Structure formats: structure tokens, C-alpha cells
1. Is it the case, given these coordinates, that A59 is at pLDDT below 95, surrounded by 12 or more Cβ atoms within 10 Å (Cβ to Cβ) and more than 24 Å from R172 (Cβ to Cβ)?
2. Based on this model, can you work out whether L184 counts as surrounded by 21 or more Cβ atoms within 10 Å (Cβ to Cβ) and assigned to a strand (DSSP E or B)?
3. Being hydroxyl-bearing (S, T, Y) and surrounded by 13 or more Cβ atoms within 10 Å (Cβ to Cβ) is the filter here; which residues of segment 201-228 pass it?
4. Pull up segment 105-137, narrow it to residues that are assigned to a loop (DSSP other than H, G, I, E, B) and of a type in the set (S, T, N, Q), then point me to the one that is nearest to N160 (Cα to Cα).
5. Scan segment 159-180 for residues that are without any contact (Cβ under 8 Å) to a residue 40 or more places away in the chain and either charged (D, E, K, R) or assigned to a helix (DSSP H, G or I) (or both) and jot them down.
6. Being surrounded by fewer than 20 Cβ atoms within 10 Å (Cβ to Cβ) and at pLDDT 95 or above narrows it down to one of A198, A147, A117, A130, so name that one.
7. Please find, among A190, A232, A213, A209, the residue that is assigned to a strand (DSSP E or B) and more than 14 Å from L108 (Cβ to Cβ).
Amino acid sequence: MAKKRRPRKATRPDATGMPERPNGAPRSTSSPGSVRAGSSPSPRPRSPIATRRAAAQAARKRRQRLRAGLFGAAAAVLLGGVVALAASSGSSVAGTRTSPTSWVLPRLGGSGTVSLASLRGKPVVVNMFASWCTECEAELPAFTSEAQRLRGKVTFVEVNSLETGNGEAMARQFGLAAAGAIVLADVGGAQNSGLHDALGGGNNMPVTAFYGASGQLLTSHVGAFSASTLQAELTQLYGPGV
């Protein structure tokens, strides 16, 4: 006798719209090639366009670093030039100047400064000396003699420049201040020689500059004077009444 077959139970769709699997297991909704949770995707190879773009960015950064380095080097050179110029003009010492037409120099071994402008009204003779200079030793007696003879008519200024020893001792030895000369110290330049250098002294000593009563530079002389040549120069520049 044939057995009556039971009707097959219909399956109900789950929340995804897919019929349930037997035993109630839900059907997987993962699509082929999808990445499961917790796993990392494999790196994709970089395209040629992306590679070229990265290389261009790296090159730009290298150029920027190079430009920054060149700018820094140029700034250092410029700064060095400014410092050297300041030293040569005597501005390395506060309140001083070594321009031949507007100098301001400190007193040798003393305090305060003396300017060319403050001496206007009388002719000014600026003579430079150094303790190592044998020609300076030879000519200084003539300058002290003329400073005493022309006191009140011509102002004599003795400037210690290019000094490597004791300029103060030399000034005392020849009685420069006692003769009426104003004794100053050079500043700046190659070796505390800013005014000396500006007058074209180079490596030579002594150097003498002659100014008119209004402060204008008349002439300068490199080398030593004798008593007779100094008197002749003074007479030529300032007249026979000097």
C-alpha cells in the first residue's frame, strides 16, 4: 500500500530577500572578490602616472632645499661684506668715523672723542705715527717744534695708527701733548687704521693730511718730512704768515 507523501515545507525568505538555507543558516551575502572583515586588502600596484607624479614632487622638494641653501650662503656672504665695510669705516667703535672729510676719533689713552668738525676755524694738520715706524721717530721732532711755534694759528693732531706696540709711550717720549698737539687713536680698518687706510696710506707710514680752516682736505702726503720740507709745505698751503 502506497504511503501518502507529506507536502514539502516552504522556505521563508530572510531579511536579505534570499531564502533560508536548511537548518536556518542564512545565505552568505558576500560578493565574489570582496574582502572579509578583519583582513587587509593587498596593495595595488602604482600606476605610471602616479609614479611620475611622485618623482616630480620629490624633485621639487630637492630644488626648494637647494634654493634655501643658496639663499643662506648668499646672506652669509652679504653679512660678511657688511661687517667688513663697517670695520673699514671705523663704525666698529661706537661714535667714531674714519672718513677723511668727517672723521671722529677717540683720544689716545683717554676718554672722549675729537671730530674734524669741532676744529673748524683754523687750519688742521693730521700726522700719523706708530711706535715701530723709524721714519716717524725721525720726523716727530719737526712736528712738535711746529706745533709749539704755530700754537693758536694751526691745530696739530697726532694720530696713533697701525700700532703693534705702545703708542702712548711714544707720544710721551716726544712730548706731543705738551707741545700742544691733540693726540688721538685710529680705529677700524685693517689694523686700527681706518683713517690711515682711507687716506691711501696702504702699508706705509707716516702719513700726513693738511686741512683748510673750513675742514676741507687740501692734500695728503705719504712719507716723512724733514724740518725744512715741513715748513715749506705749511707756507705753501697756509701762506707766509703761518
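1. Details: at pLDDT below 95: yes; surrounded by 12 or more Cβ atoms within 10 Å (Cβ to Cβ): no; more than 24 Å from R172 (Cβ to Cβ): yes.
No, not satisfied.
2. On the way: surrounded by 21 or more Cβ atoms within 10 Å (Cβ to Cβ): yes; assigned to a strand (DSSP E or B): yes.
Considered against the rule, which asks whether it is surrounded by 21 or more Cβ atoms within 10 Å (Cβ to Cβ) and assigned to a strand (DSSP E or B), L184 comes out as yes.
3. Taking segment 201-228 first, the residues hydroxyl-bearing (S, T, Y) are 208, 211, 214, 219-220, 226, 228.
Passing the criteria: T208, Y211, S220.
4. Narrowing segment 105-137 to residues assigned to a loop (DSSP other than H, G, I, E, B): 108-112, 116, 120-123, 130-133.
Checking the rest, the ones that are also of a type in the set (S, T, N, Q) come to 111, 131.
Details: S111: 15, S131: 8 Å.
Result: S131.
5. Pass one, segment 159-180, residues without any contact (Cβ under 8 Å) to a residue 40 or more places away in the chain: 163-166, 169, 172-180.
If the condition is that a residue be without any contact (Cβ under 8 Å) to a residue 40 or more places away in the chain and either charged (D, E, K, R) or assigned to a helix (DSSP H, G or I) (or both), then E163, A169, R172, Q173 are the ones that fit.
6. On the way: A198 fails: surrounded by fewer than 20 Cβ atoms within 10 Å (Cβ to Cβ); A147 fails: surrounded by fewer than 20 Cβ atoms within 10 Å (Cβ to Cβ); A130 fails: surrounded by fewer than 20 Cβ atoms within 10 Å (Cβ to Cβ).
Answer to the selection: A117.
7. Working: A190 fails: assigned to a strand (DSSP E or B); A232 fails: assigned to a strand (DSSP E or B); A213 fails: assigned to a strand (DSSP E or B).
None of the other options fit; the residue is A209.
The values are calculated or read from the model by the stated rules, or taken from the named source; none is laboratory data. Keep in mind it's a predicted model, so treat the numbers as computed, not measured. Positions of Cβ are generated from backbone atoms using ideal geometry, with glycine treated the same way; all protein chains shown enter the neighbour counts.
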